[in-house]
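No lab work stands behind these numbers, since they all come straight from the coordinates. These numbers come from a predicted model, not from an experiment. Neighbour counts run over all protein chains shown; Cβ positions are idealised from the backbone, glycine included.
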Amino acid sequence: MANPLYKRISKILGVEESALEREALRLYILSELRRVRLESKLIMTKYGVSSIEELDKKVKKGELNETDVFEDLTRLDYLLDREEKLKKLLEELRGSEM
């Protein structure tokens, strides 16, 4: 079922509905990617690390208390996984344009 708003915008702009849909998805994914990367960066900056592996090493060495960083470590792991999924979706979207 076609979205009436896409149809209207498509007609006004003279752009195919499918192109509008792809661009909307691309921009949404890029926005989400920026948000995820920013949140990841904030967590890493909080602990003075540049990767989840580095944060994990600090915990294993006893430089950071595992209980204190557990929530951030778990969140960072989730964010990094989400970043990979978003990048794959972006690639799939690019591939569907051809």
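The GluC sites (Glu not before Pro) of the chain meeting both criteria, a DSSP state outside H, G, I, E and B (loop) and at most 15 other C-beta atoms within 10 angstrom of the site's C-beta, are Glu16, Glu63, Glu97.
Mind scanning Lys58/Lys85; Lys11/Lys85; Lys46/Lys85; Lys41/Lys85; Lys7/Lys41 and naming the pairs with a C-alpha gap bigger than 29 Å? Exceeds cut-off: Lys11/Lys85; Lys7/Lys41.
Working from label points 7 Å from Cα in the Cα-to-Cβ sense, the Glu84 to Thr67 distance is 3.1 nm.
Evaluated at 25 °C with a viscosity of 0.890 mPa s, what Stokes-Einstein diffusion coefficient in µm²/s does the range 35-98 have when Rh comes from the Kirkwood expression over alpha-carbon pairs? Walk me through the intermediate numbers first.
Values: Rh = 12.8 Å.
This corresponds to a translational diffusion coefficient of 191 µm²/s.
Short-range pairs are left out: with C-alpha atoms under 8 Å and at least six residues apart, the relative contact order of the range 31-98 is 42 percent. Highest mobility in the GNM of the chain, judged by mean-square fluctuation with C-alpha springs under 10 Å and restricted to Lys41, Lys87, Lys60, is found for Lys60.
Stretching the chain fully between Lys58 and Leu27 yields a gain of 7.5 nm (0.36 nm per residue, less the alpha carbon separation). Once the chain from Arg37 to Ser50 is taken as fully extended at 0.36 nm per residue, the excess over their C-alpha distance is 3.5 nm. Can you give the angle from 0 to 90° between the axis of helix 66-96 and the longest principal axis of the chain, with both taken from C-alpha atoms, to the nearest 10? Result, in degrees: 30.
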